[in-house]
Amino acid sequence: FLAYAAATFSAMPLVAQAEWTETVQPDAGEARDVHLQIVRPGFFPTIGTPVILGRDFSPADRPGEVPVAVINERMARVLFGDQSAVGRYVTLRTGSFEKTPRQVVGVAGDARYATVEADAPATLYLPSTQAPPSAVTFEVRSADPAALLPIVRGLAARQLPGVALTGATTMRQQIEDV
């Protein structure tokens, strides 16, 4: 059995020519359209994106607790300029998670979503523990991802009967296909 280094999930796949855009209102300033991503705690280290300021999501970020968000560096610059984003609030003005002010608890490095050539979009991350997604993409970090792929498919089929596992591929193949 091959070991994996980490596993997580997100609502939108990485580098897949797909984006989920919503309008966000910062606590001061004008509303902006940003890329929205819902992720499981541990998403950032799994995909290799550092949390540069503040903290990552944790299992303590659950319903009934303060609604939180992590934003990427680009969104921090766009919304807050040279001011620290941590501790500030943003509110979604569109979509199913609208009208709930969310405290920014962290700033993550920029990540690309549509293609590797496109600049990283301003991105708002919500924790899946407070904003459950309707569908997910699993990300698994491994020293030998091609060898791990059949194992992941088998585990998914056994553990999630009746759930469709589609598009299982390595990140290298995902990038080449885009």
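The values are calculated or read from the model by the stated rules, or taken from the named source; none is laboratory data. None of the values given here were measured: they were computed from a predicted structure. Here the Cβ is made from the backbone with ideal geometry for all residues, glycine too, and neighbour counts use every protein chain on show. Remember, those area values only see protein heavy atoms, side chains included, never the ligands or the DNA or RNA. Shrake-Rupley method; radii C 1.70, N 1.55, O 1.52, S 1.80 Å.
For residue 85, indicate whether it is surrounded by 17 or more Cβ atoms within 10 Å (Cβ to Cβ), out of contact with any Pro (no Cβ under 7 Å at 6 or more places or on another chain) and either modelled with pLDDT of 90 or more or not hydrophobic (A, V, I, L, M, F, W, C) (or both). Taking the combined requirement at face value, the residue satisfies it. Condition (residue is more than 30 Å from residue 32 (Cα to Cα), out of contact with any Asp or Glu (no Cβ under 6 Å at 6 or more places or on another chain) and either open to solvent by less than 50 Å² (accessible area, probe 1.4 Å) or at pLDDT below 75 (or both)) applied to region 132-141: is it met by at least one residue? Yes, region 132-141 has at least one match.
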